[in-house]
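Asker: Below is a structure I'd like to ask you about.
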Amino acid sequence: KSAARRVSVSAESIDPTKQMLAPKKVIDKSDEDRERIRATLMRSFLFKHGDAAQTADLVNAMYEVRRPRGVDIIKQGDREANEFFIIDAGECDIIKGTNEDGSERRLVTLRPGAVFGELALMYNTPRAATVRAASDEVVLWAMDRESFKAIVLVQTMQKRLKYEAFLEEVSLLQGLSSYERATVADSFVEVRYGAGDRVIEEGAEGHDMFFLVAGKAEALDKENVVRIYEKPGAYFGELALLNNEPRKATVRAATACELVALDRAAFERLMGPVVDVLQRHEADYALLTPRGSVAAQPAATA
Ligand code: CMP
């Protein structure tokens, strides 16, 4: 008897965050609705990489909410936050504070696949913004606080918490609002390389940009090291995405490296506000590369 009990002790049961969770909810719904939720989740950058178990839990826990145009689904400042949402159909405006003339300040419009309402549930704070139905009929999938904590917070939002401090230090991303920065973490794919591994191959097609989390990497031009990345938050691989061109240099892990990657879709969705910074950075490459005109000049004129 005691042997059986010992066998059943899993890593999960000794993780205190998991011990406190109530049993996962199953809200009755038709097969058609289950299929619709699944389709919405696959459109969502937050959930599309989730595993089968998480998808099943989400499908079980969600229920449909429909709201006509103009209705506030969430009101800024509300302290009674109990729901988290994903948009199935229609659009929602995010409204926060007021403009100088006193009118409401609309920050963004969210489309199907977008999620909202997570902040108040994550941090136990009042609702940070108003979310208003901006289509004739908005169709949402909702879940309650307990389900959010059991399924979304544990599996998805932990990434935000993990990278919160890191993102504050990434100088490139200082042009984003703190909320935009937090959502960057949702799209991070964590990757590791061993010393000597090539992360990027010159001339190859580029699909991702990378941020260094730990370790040291180096850019090579014909096997010469032209740049070293060792500060957490340093980034590379952005040019292929910015300019739609093949990789301009090779990047190799100089030591074991921990990186986070953003794919092209995430890059295009999230990096808009810092494109000018990326372009300024691009101009610097010519100054630092031995092949670049400026670096070659002094020898010729000396
Ligand atoms: P919450 O504070 O629970 O409710 C309002 C939601 O608006 C918030 O969670 C976020 O999901 C969403 N939101 C979108 N953009 C912003 C923003 N710039 N600041 C705060 N909340 C935002």
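Asker: Within segment 251-271, whose backbone N sits under 11 Å from a point 7 Å along Cα→Cβ of His49?
Answerer: From segment 251-271, the list is 260-264, 266.
Asker: For Lys75, go through the lysines and keep the ones whose alpha-carbon is under 22 Å away, minus same-chain ones fewer than eight residues off.
Answerer: The qualifying lysines are Lys96, Lys149.
Asker: Right, another one. Along the Cα→Cβ direction, 7 angstrom out, place labels at Asp72 and Gln174. What is the inter-label distance in nm?
Answerer: Roughly 3.5 nm, to one decimal.
Asker: Which of the GluC sites (Glu not before Pro) across segment 66-133 are loop residues per DSSP, with 10 or fewer other Cβ within 10 Å?
Answerer: Filter output for segment 66-133: Glu80, Glu100.
Asker: How much net charge surrounds Arg34 when only other residues with a Cβ under 12 Å from its Cβ are counted (Lys, Arg +1; Asp, Glu -1)?
Answerer: -3
Asker: Using only alpha-carbon positions, what ratio does the radius of gyration of segment 66-107 give when scaled by 2.2 N^0.38 Å?
Answerer: Relative to the 2.2 N^0.38 Å estimate, segment 66-107 comes out at 1.32.
Asker: Kindly write out, for segment 59-73 in residue order, the coupling ³J(HN,Hα) from the Karplus curve 6.51 cos²θ - 1.76 cosθ + 1.60 (θ = phi - 60°), rounded to whole Hz, with x marking Gly and Pro.
Answerer: For segment 59-73, the Karplus-derived couplings read 4, 4, 7, 8, 9, 7, 10, 10, 9, x, 3, x, 7, 7, 7 Hz, x marking Gly and Pro.
Asker: Given the rule -39500 (n - 2.57) for each run of at least 4 DSSP H residues, summed and divided by the residues of the chain, what is its mean residue ellipticity at 222 nm, to the nearest 500 deg cm²/dmol?
Answerer: Values: 12 runs with 99 residues, N = 302.
Result for the chain, helices only: -9000 deg cm²/dmol.
Asker: Let me ask you something else. Please label the shape of segment 83-154 as rounded, prolate or oblate, based on the square roots a ≥ b ≥ c of the eigenvalues of the alpha-carbon gyration tensor (a/c under 1.5 means rounded; beyond that, a/b larger than b/c means prolate, else oblate).
Answerer: The shape class here is oblate.
Asker: Also, quick follow-up: Which residue, chosen from Val251, Ala165, Leu270, occupies the Cα position most advanced towards the positive end of the dipole of the chain, where the dipole is computed from +1 (Lys, Arg) and -1 (Asp, Glu) charges on Cβ about the Cα centre?
Answerer: Working it through, the farthest residue towards the positive pole turns out to be Ala165.
Asker: Cβ neighbours within 10 Å, averaged per peptide: list 185-195, 233-243 in order, most packed at the top.
Answerer: Result, highest mean Cβ count within 10 Å first: 233-243, 185-195.
Asker: Now a separate question. Using a simple charge model, +1 on the beta-carbon of Lys and Arg, -1 on the beta-carbon of Asp and Glu, nothing else, what dipole does the chain show about its Cα centre, in debye to the nearest 20?
Answerer: 780
Asker: To continue, here is another question. Around Tyr229, which amide H atoms from residues at least 5 apart in sequence, or from another chain, sit under 5 Å from its own amide H, with H modelled in the peptide plane?
Answerer: Those lying under 5 Å, H to H, from Tyr229 are Ala217, Glu218, Ala219.
Asker: Show me 143-149, 92-98 ranked by packing, highest mean number of other Cβ atoms within 10 Å first.
Answerer: Peptide ranking by packing, descending: 143-149, 92-98.
Asker: Here is a follow-up. What are the ³J(HN,Hα) couplings of segment 165-175, residue after residue, when phi is run through the Karplus curve with 6.51, -1.76, 1.60 and θ = phi - 60°? Round to Hz, x for glycine and proline.
Answerer: 5, 4, 5, 5, 8, 7, 5, 3, 8, 5, x
Asker: Give a residue-ordered list of calculated ³J(HN,Hα) values for segment 107-120 (Karplus: 6.51 cos²θ - 1.76 cosθ + 1.60, θ = phi - 60°; whole Hz; x for Gly, Pro).
Answerer: Values, residue by residue: 8, 8, 10, 8, 10, x, x, 6, 10, 7, x, 7, 4, 4 Hz.
Asker: For a protection proxy built on the mean count of beta-carbon atoms within 10 angstrom, sort 217-227, 276-286 highest first, please.
Answerer: Most protected by this proxy first, the peptides run 217-227, 276-286.
Asker: So, in Å, what gap is there between the alpha-carbon centers of segment 227-268 and segment 106-145?
Answerer: So the separation of the two Cα centres works out to 32 Å.
Asker: Taking amide H positions as placed in the peptide plane 1.01 Å from N, state which residues far from Ala134 in sequence (5 or more) or on other chains have amide H under 5 Å from it.
Answerer: Those qualifying (amide H under 5 Å, at least 5 residues apart or on another chain) are Gly70, Glu91, Cys92, Asp93.
Asker: Please state, as a whole number in µm²/s, the translational diffusion coefficient that the Stokes-Einstein equation yields for segment 43-140 at 25 °C and 0.890 mPa s, with Rh defined as the Kirkwood radius across alpha carbon pairs.
Answerer: Once the numbers are plugged in, D ends up at 172 µm²/s.
Asker: To check my understanding: the extent here is largest minus smallest coordinate of the Cα atoms along each principal axis. What are those three numbers for the chain, in Å, largest first?
Answerer: 77, 70, 34
Asker: In a Gaussian network model over the chain where Cα atoms closer than 10 Å are linked, find which of Val71, Val59, Val251 has the largest mean-square fluctuation.
Answerer: Maximum fluctuation in the GNM of the chain, among the listed residues, is at Val71.
Quick note: the coordinates plus some simple rules give every number you see, no bench work behind them. Being a predicted model, the structure only gives us computed values, none of them experimental. Positions of Cβ are backbone-derived with ideal geometry, glycine not excepted, and every protein chain shown enters the neighbour counts.
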